[in-house]
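Note sheet for the following structure.
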Amino acid sequence: MELQVEDTIQWLEKSNEKIQQNKDYLTALDQAIGDSDHGINMSRGFQEVVNQVKSKQYDTVSDVLKDTAMTLMSKVGGASGPLFGTAFLRFSMRVKGIDPISQDAFTKGMEDALAGIIQRGKAATGEKTMVDVWSPVVDYFKGTTIVQADEVAQTAKKAMEQTKEITATKGRASYFKEKSIGHIDPGAASSFYIFEALSEVIKGEG
Amino acid sequence: MERVGIVLISHSSKIAEGLKELISQVITDVPIETAGGTEENEIGTSIEKIMESIHRADYGKGVLLFYDIGSAKMNAEIAIEMAESIEIILSEAPLVEGSYVGAVESGMGKSLKEVYDAVEKAF
């Protein structure tokens, strides 16, 4: 895989499409174990991201990701803003000066993004959060010589579905304790859409 | 006004404003700034609002931040990382009681560290 500026913008557009299509579903997930604003927040944030990156000319992938981060931080009201924002910001910092993004550079960016989410949210794996999707996806990239588009989406999907079985111990969902079992974590679901979008972009380039 | 500034961060602009009103009834010579709600004044917090409040509350003696729940803390941490030149501490004390104690201590002309320690000791 190789990511250029156009691919990155396409990744964000596809992520946005999926989030817009599933806005109500994400909100319903958040209604079950949170404060019901995840779909609204993410759809507002990603729409702004797409508006932003389509209105400007970019020379580097890093700059696209940096603008994505800043937009998410300022436009998503809930916890997803700082978390997804930090992820994209760390990613952008790690791939600064590298264009286009090779699989190796992408993997390093993903590693830093995950580290950022963990640091910002003070979360670990197994707490029913977006970390439970990001972590196996990062592991997949680290352990694979040639990334397969379908495997990216499958890894993320499986990981998202597994959050159903976990009791939430982090974030607003932790107030629901064992009642959180049986529900997919909303942040895990929106993370899945982002990786599903990525998988489609990787597929398109091959 | 050589006092440690206080910033009240809440998901609700009404909570932040109401709290400022409560504190201001007693403490009038301490810079107290609010960062409540999102940029559209909906429920949530805004890094930009927090940063602006930090700058307004800083008179050279630093700023102590108080927050309510969840993402307010993450946004406060990002704002702190961005406001490099100002001395800032994020208090983990409950928003209402903590900021009240903080404002009283700041009003005595104490340093940021002293105000922070006094708040910590109270909870």
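The values are calculated or read from the model by the stated rules, or taken from the named source; none is laboratory data. Worth saying up front: this structure is predicted, and the values here are computed from it rather than measured. Note that each Cβ is placed from the backbone with ideal geometry, even for glycine, and that neighbours are counted across all protein chains shown. Accessible surface is based on the protein model in full, side chains and every heavy atom, while ligands, DNA and RNA are left aside. Shrake-Rupley method; radii C 1.70, N 1.55, O 1.52, S 1.80 Å.
Here are the numbers:
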read-out: Complete set of residues in segment A:115-148 that are among the aliphatic types (A, V, I, L, M) and open to solvent by less than 20 Å² (accessible area, probe 1.4 Å); value: A:Ile117, A:Ala123, A:Met130, A:Val131, A:Val133, A:Val137, A:Val138, A:Val147
read-out: Cβ-Cβ under 9 Å pairs, at least 6 apart or on other chains, segment A:1-29 side crowded, with 19+ Cβ neighbours inside 10 Å, far side part of a strand (DSSP E or B); value: A:Met1/A:Ile101; A:Met1/A:Ser102; A:Leu3/A:Ile101; A:Leu3/A:Ser102; A:Asp7/A:Ile101; A:Thr8/A:Ile101; A:Trp11/A:Leu3
read-out: Residue list for segment A:51-68, filter: under 16 Å from A:Gly81 (Cβ atoms) and in contact (Cβ under 8 Å) with a residue 40 or more places away in the chain; value: A:Leu65, A:Thr68
read-out: Number of the exception - B:Ile88 against (1) in contact with a Leu (Cβ under 9 Å, 6 or more places away or on another chain); (2) in contact (Cβ under 8 Å) with a residue 40 or more places away in the chain; value: (2)
read-out: One residue from B:Glu114, B:Glu92 being closer than 25 Å to A:Gly78 by Cβ and either assigned to a helix (DSSP H, G or I) or of a type in the set (Asp, Glu) (or both); value: B:Glu92
read-out: Qualifying residues in segment B:26-76 (those that are among the aromatic types (Phe, Trp, Tyr) and not in a loop (DSSP other than H, G, I, E, B)) - the one most open to solvent (accessible area, probe 1.4 Å); value: B:Tyr67
read-out: Among residues of segment B:2-21, those that are surrounded by 15 or more Cβ atoms within 10 Å (Cβ to Cβ) and not in a loop (DSSP other than H, G, I, E, B), counted; value: 13
read-out: Enumeration of residues in segment A:94-121 that are within 14 Å of another protein chain (Cβ to nearest Cβ) and either touching a Cys at 6+ places or on another chain (Cβ under 9 Å) or without any contact (Cβ under 8 Å) to a residue 40 or more places away in the chain (or both); value: A:Gly116, A:Ile117, A:Ile118, A:Gln119, A:Arg120
read-out: Test set (1) more than 17 Å from the chain's Cα centre (by Cα); (2) open to solvent by 70 Å² or more (accessible area, probe 1.4 Å) - A:Glu151 fails condition number; value: (1)
read-out: Failed condition for A:Phe91, given (1) within 14 Å of another protein chain (Cβ to nearest Cβ); (2) among the hydrophobic types (A, V, I, L, M, F, W, C); (3) free of Cβ contacts under 8 Å to residues at least 40 places away in the same chain; value: (1)
read-out: Sole residue being within 13 Å of the chain's Cα centre (by Cα) and more than 10 Å from every other protein chain (Cβ to nearest Cβ), chosen from B:Ile50, B:Ile86; value: B:Ile50
read-out: Residue match in segment A:63-84 (condition: touching a strand residue (DSSP E or B) at 6+ places or on another chain (Cβ under 6 Å) and open to solvent by less than 50 Å² (accessible area, probe 1.4 Å)); value: no
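Per-residue answers, yes or no, for (1) away from chain A (no Cβ under 14 Å); (2) modelled with pLDDT under 95; (3) within 22 Å of B:Tyr116 (Cβ to Cβ):
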| site | (1), (2), (3) |
| --- | --- |
| B:Glu2 | yes, yes, yes |
| B:Val7 | yes, no, yes |
| B:Lys14 | yes, no, no |
| B:Gly18 | yes, no, no |
| B:Glu40 | no, yes, no |
| B:Ile54 | yes, no, yes |
| B:Ala57 | yes, no, yes |
| B:Phe66 | yes, no, yes |
